[in-house]
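Just so it is clear, none of the values below were taken in a lab; they were calculated from the coordinates. Computed from a predicted structure; not experimentally measured. So basically every Cβ, Gly included, is an ideal-geometry build from the backbone, and we count neighbours across all protein chains shown.
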Amino acid sequence: MEKITSVYLDNAATTPLSSEVYKEMLTALSDTYGNASSMYQKGREADEALSEARSKVAKAIGANPSEIYFTSCGSESNNWAIKGIARANKSKGNHIITSAIEHPSVLESCKALEKEGFEVTYIPVDSKGVVDYTEIVKAIKPETILISIMSANNEVGTIQPIRAISELAKMNEIPFHTDAVQAIGTIPFNVHEMNITSLSLSAHKFGGPKGIGVLYVKRGTKIEKFIDGGQQERNLRAGTSNVPAAVGLGKAIEIAVENLEENNKKLKAIRKYFLKEVSDRIHNISLNGHPTQRLLNNVNISFEGVEGEALLMMLDRSGVYVSTGSACASGSLEPSHVLLAMGLDNEIAQSSIRFTFSPNTTTAEIDYAVNALYKAVKKVRSISAIRIYKNKVEL
Ligand code: PLP
């Protein structure tokens, strides 16, 4: 057996490109080089490849191909949905409901809208990271023109009750957007059946390439155009179509949905194994997120007395790749807004590490990672103990 020298446990940040996706993209990159808007054969070929990719996405989430818009990433999809729906419905009202634990691309879009005169209610979550449904009910008012709640959280993996929320939104005739960037491939979606008005997804989270996402928008939804220019994406998002990336996204979502059950089974087993190994060997830890209503690829743990960033760096030296909070927030020493919203204090929030698995993660890789983790936690705790002791002496 090959000697393990590194283990990638940050699949919520991004995933490696699947080999099948890579093969299809290579063909698209070399052969399907035409501009999908051109009228001649080479253009038609590119347009056909684009249409096929659009159909695959539509099929995977129960939408119509005409409701699928290619974007550059999940962040763009969230920006477009939130700003686009809010601005297009301004004559009806100026109130938006979202949650306190959304991805920055949702929260910052809401902040930008606040500057334009919109009012935003940020719904709190409980200690497991579940959005408070009754607070959403209470927040709805005649001016509410959008509810945006993520399907599953990127930091702690908690799955939100989006069926109940979308039903509530439908009853009140309010558009419902969901950021499904972390959920695609782990929870099944049927956007029509689930009364979802708009949904964001991103290829690089499920074995596809970076730099391409999708915004699903239900037919008939009032939404502003996102990029002015040519007629691409039904005249709502201009720019020459990125055909190879769309082909990659189409293939990746097809594979992810086809293998959803099988992958979840593998993830459940690997998660269970990891949790047992970690809790057997490392004490004074606490698990963050919901125990059952959760993504199966995610484990978020607080290590008492340990600085998360220090642990991350030590693990990096052993070739174990993890994350503190979300990738987008790492590098800043601010504790995660998600963990704080769940009621963790600053110190515990800063001692948290997110481990995210792939269905291909092996028990041998887990053994390697847990061993490195055990040593790193022991070391960091011993250093902090010395620091505390020294401080006491100095004081
Ligand atoms: N939404 C969630 C929940 C995410 O986890 C991420 C990425 O980490 C995004 C949106 C942004 O996706 P992208 O990296 O494609 O912009």
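Across bins of 10 angstrom width beginning at 0, how are the C-alpha pair distances of the stretch 19-258 distributed, in whole percent?
Calculated over all Cα pairs of the stretch 19-258, the distribution is 8, 33, 35, 17, 6, 1 percent.
Can you spot the lysines whose alpha carbon is less than 16 Å from LYS115's alpha carbon? Ignore those fewer than 8 places along the same chain.
LYS83, LYS90
Could you work out how far helix 363-394 tilts from the main Cα principal axis of the chain, as a 0 to 90 degree angle to the nearest 10?
So the helix axis and the longest Cα principal axis differ by about 60 degrees.
Report for the chain the percent antiparallel among DSSP-assigned beta bridges with both residues inside it, nearest 5.
Working: 22 of 41 bridges.
Of the beta bridges lying entirely in the chain, close to 55 percent run antiparallel.
Given Cα pairs under 8 Å that are at least 6 residues apart, what percent is the relative contact order of the chain?
On the way: 772 pairs, mean separation 88.5, N = 395.
Across the chain, relative contact order equals 22 percent.
With labels modelled as points extended 7 Å from the Cα through the Cβ direction, what inter-label distance (nm, one decimal) is found for GLU193 paired with SER91?
A separation of 3.6 nm, rounded to one decimal place.
Going by alpha carbons, how many degrees (0 to 90, nearest 10) lie between the helix axis of 41-61 and the longest principal axis of the chain?
60
Excluding residues on the same chain fewer than 8 positions from LYS128, give the lysines whose Cα lies under 28 Å from its Cα.
Output for LYS128: LYS111, LYS138, LYS141, LYS170, LYS205, LYS265, LYS266, LYS268, LYS272, LYS276, LYS378.
Show me the ranking of peptides 296-308, 106-118, 312-324 by mean Cβ neighbours inside 10 Å, starting with the highest.
Details: 296-308: 22.3, 106-118: 16.6, 312-324: 18.5.
Packing proxy ranking, top to bottom: 296-308, 312-324, 106-118.
Check the straight Cα-Cα distances from LYS92 and name the aspartates and glutamates below 18 Å, setting aside those fewer than 8 residues away within the same chain.
GLU114, GLU116, GLU119, GLU143, GLU173, GLU224
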